[in-house]
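Structure record follows, encoded as structure tokens.
Coordinate-derived values only; no laboratory data. Here the structure is a predicted model, which means the values were calculated and not measured. Note: ideal-geometry Cβ built from the backbone for every residue, glycine included; neighbour counts use all protein chains shown.
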Amino acid sequence: RSDAVEHDEL
Amino acid sequence: MNAFRFLGDMTHLFSVLVLLLKIYATKSCSGVSRKTQELYMVVFLARYMDLFTDYISLYNSVMKVVFITSSAAIVWCMRRHPQVRRTYDKEQDTFRHVVLVAAAFVLALIFNERFTFREICWAFSIYLEAVAILPQLVLLQRGRNVDNLTGQYVFFLGAYRAFYILNWIYRYFTEGHHSRWISWLSGLVQTGLYADFFYYYFLR
């Protein structure tokens, strides 16, 4: 994904 | 995935299962704040809207579905289930939770990782989750005799975010110093709100 922030947490 | 985060997720899942058990086994939601449950449903819907767009792992997707469906099921029970809804003490559950939603939304507009729809929804869900327990804590402090399933529910709910704080510390030292300040600060506030509950929970 282009977004810098990867929300891999629940 | 690290042990702290996994423990946190399992504690969170367990808290939801305890609440579902209480409602299903006793066919009663006395002592449970419907407003807090509605806030949690909004939290999950706002945070997990990437469920269908971004696949992170099977675990991540399954847990998102579980949290969304369980929170919706609890709200449905408290609003529609003929037996359960009668046991909801509406006049006790008086916290104006709309204020919490508005405040979290304004905060998310100002403080977010990026000014995009997704990131604003994500920040909104983080801020809202930090304060979502307030109606429930107010209800508990109304001095009503808290049945221990409800007490255990709140305890596990408070403990889960404490595990997440350990997870953030672990990730800070192992994965480089990403700025997770939104999660950090909200997580500290969220766990802090439980402080007096934990105090009385262990004293009891």
| note | Of (1) assigned to a helix (DSSP H, G or I); (2) under 18 Å from the mean Cα position of the chain (by Cα), residue B:25 satisfies every one except (2)
| Among the residues of the stretch B:28-44, how many are more than 12 Å from every other protein chain (Cβ to nearest Cβ), among the aliphatic types (A, V, I, L, M) and within 12 Å of the chain's Cα centre (by Cα)? | 3
| field | Residues that are farther than 17 Å from residue B:16 by Cβ, in a helix (DSSP H, G or I) and out of contact with any helix residue (DSSP H, G or I) (no Cβ under 7 Å at 6 or more places or on another chain), drawn from the stretch B:63-84 | value | B:80
| field | Single residue of the stretch B:82-122 satisfying the filter (among the β-branched types (Val, Ile, Thr) and more than 14 Å from chain A (Cβ to nearest Cβ)) that is surrounded by the most Cβ atoms within 10 Å (Cβ to Cβ) | value | B:84
| Candidate set: the stretch B:45-62, residues that are part of a loop (DSSP other than H, G, I, E, B) and among the aromatic types (Phe, Trp, Tyr); chosen: the one farthest from the other protein chains (Cβ to nearest Cβ) | B:52
